[in-house]
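Colleague: Just passing along the structure, written as structure tokens.
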Amino acid sequence: MRILVIGGGNMGLTYAEGMSTSFLLNRHKLMIYDKSEELIASLREHSNFNVYDKIEDCLPQADVVFIAVKPFHSEALFSEIKPLINKEQIFVSIMAGVTIETIQNSLDVKKVIRAMPNLPAQVGKGVTSYTEAKEVSRIELLMVRNLLDTTGESIRVSSENFIDASTGISGSGPAYVFYFMQSMLEAALKMGFSTNDSKILVSKTFEGAVELFNQSDLSPNTWMERVASKGGTTRAALDSMEDNNVKELIKDAAYAAFDRAVELGNE
Ligand SMILES: NC(=O)c1ccc[n+]([C@@H]2O[C@H](COP(=O)([O-])OP(=O)(O)OC[C@H]3O[C@@H](n4cnc5c(N)ncnc54)[C@H](OP(=O)(O)O)[C@@H]3O)[C@@H](O)[C@H]2O)c1
């Protein structure tokens, strides 16, 4: 199996790293194609990936093609690669908002999988949702799932609507967590902690809470009740959040991302 990653930017390289260090794939079977001369030069100097600057030298050899360019580059890319495609190739797109149907029609291919990863994929802790065109076989889907899993975990969803919905939860979600972290950092600094101590207090609190959650069957609500005793400090903080409707505002934010993902798909 030979894999081509088109677009060697943040996400393309994350997948390339994940796949090539996973033992699923021999590194020399992985190819990266990019348009940026600067990036190609840097990859050739600092990595041992097979980097291509001519699509005709790599695309025809690939069994699976990962498309990891920005959505606004998709049309130009489609025109460029269409003449070189063979219909047995499997296309995996991580482009936000670009539908399976658009890819099928633009490239005149059938076997398309659409996936939505997130940023923690860069440290092997990503979560990717994916769904497939009906022409993709179970074996092909399993193979691609194994590749996606090299950057963390993946979940198969039943329709593209859930790809847009997962953009609102896991795709954009790391930014919501950073927002919460930033707020706590600012509070810690205001209370007089040093930058370094604030960072430790906040990051370890997140890490520890997530670990507790992962290692039990308890819901976040139950954990909150366990931490917050009546008349205590945590109760005071949670009451303040409830009074300010923070939970509803976070839900609204997730829906705003979901709606925007749908909107981008229609543009
Ligand atoms: N970053 C995330 O957290 C995240 C999460 C979910 C989904 N995604 C999706 O992942 C995709 C890639 O995002 P990214 O952040 O990795 O982008 P990026 O860092 O900008 O990387 C894209 C690379 O593709 C190159 N490129 C553009 N047109 C090309 C073409 N026709 N042929 C070959 N290479 C081409 C770009 O070169 P130039 O710089 O010269 O244009 C750039 O090096 C996007 O579609 C995004 O929606 C990203």
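The values are calculated or read from the model by the stated rules, or taken from the named source; none is laboratory data. In this text the structure is predicted, and so the values were computed from the model without any measurement. Cβ sites come from the backbone with ideal geometry, for glycine too, and all protein chains shown count toward neighbours. In case anyone asks, the SASA skips ligands and DNA or RNA and just uses the protein heavy atoms, side chains included. Shrake-Rupley method; radii C 1.70, N 1.55, O 1.52, S 1.80 Å.
Colleague: Looking at residue 243, is it acidic (Asp, Glu) and surrounded by 10 or more Cβ atoms within 10 Å (Cβ to Cβ)?
Modeller: Considered against the rule, which asks whether it is acidic (Asp, Glu) and surrounded by 10 or more Cβ atoms within 10 Å (Cβ to Cβ), residue 243 comes out as no.
Colleague: Ok, one more. Consider residue 71 against the criteria (1) over 12 Å from residue 7 (Cα atoms); (2) within 9 Å of the ligand (Cβ to nearest atom); (3) open to solvent by 20 Å² or more (accessible area, probe 1.4 Å): it satisfies all of them except one. Which criterion is unmet?
Modeller: (1)
Colleague: Could you list, in sequence order, all residues of the range 10-46 that are part of a loop (DSSP other than H, G, I, E, B), farther than 18 Å from residue 148 by Cβ and either touching a residue at least 24 places away in the same chain (Cβ under 8 Å) or within 12 Å of the ligand (Cβ to nearest atom) (or both)?
Modeller: Filtering the range 10-46 down to residues part of a loop (DSSP other than H, G, I, E, B) leaves 21-26, 34-36.
Okay, now just the ones that are also farther than 18 Å from residue 148 by Cβ, so 26, 34-36.
If the condition is that a residue be part of a loop (DSSP other than H, G, I, E, B), farther than 18 Å from residue 148 by Cβ and either touching a residue at least 24 places away in the same chain (Cβ under 8 Å) or within 12 Å of the ligand (Cβ to nearest atom) (or both), then 34, 35, 36 are the ones that fit.
Colleague: How about the range 101-122: which of its residues are under 23 Å from the mean Cα position of the chain (by Cα), away from the ligand (no atom under 12 Å from the Cβ) and open to solvent by 10 Å² or more (accessible area, probe 1.4 Å)?
Modeller: 101, 102, 104, 111
Colleague: Now, a different point. Please verify whether the range 50-66 includes one or more residues that are within 13 Å of the ligand (Cβ to nearest atom), modelled with pLDDT of 95 or more and closer than 21 Å to residue 153 by Cα.
Modeller: yes
Colleague: Mind telling me which of the residues 153, 248 ends up being without any contact (Cβ under 8 Å) to a residue 60 or more places away in the chain, under 30 Å from residue 138 (Cβ atoms), open to solvent by 60 Å² or more (accessible area, probe 1.4 Å) and not basic (Lys, Arg)?
Modeller: Checking each option against the conditions leaves just 153.
Colleague: Here's a follow-up. Could you say whether any residue in the range 87-95 is assigned to a helix (DSSP H, G or I) and either within 9 Å of the ligand (Cβ to nearest atom) or without any contact (Cβ under 8 Å) to a residue 24 or more places away in the chain (or both)?
Modeller: Quick first cut of the range 87-95, residues assigned to a helix (DSSP H, G or I) only: none.
For the range 87-95, residues assigned to a helix (DSSP H, G or I) and either within 9 Å of the ligand (Cβ to nearest atom) or without any contact (Cβ under 8 Å) to a residue 24 or more places away in the chain (or both): absent.
Colleague: Give the range 222-237 a look and list any residue that's over 18 Å from residue 179 (Cβ atoms), out of contact with any helix residue (DSSP H, G or I) (no Cβ under 6 Å at 6 or more places or on another chain) and either surrounded by 11 or more Cβ atoms within 10 Å (Cβ to Cβ) or at pLDDT 95 or above (or both), or say none.
Modeller: Within the range 222-237, 222, 223, 224, 225, 226, 232, 233, 235, 236 meet the criteria.
Colleague: Further question: If we scan the range 188-205, do we find a residue that is within 29 Å of the chain's Cα centre (by Cα), small (Gly, Ala, Ser) and part of a helix (DSSP H, G or I)?
Modeller: Yes.
Colleague: Could you tell me which of the residues 209, 236, 228, 261 is within 30 Å of residue 97 (Cα to Cα) and of a type outside the set (Lys, Arg)?
Modeller: None of the other options fit; the residue is 261.
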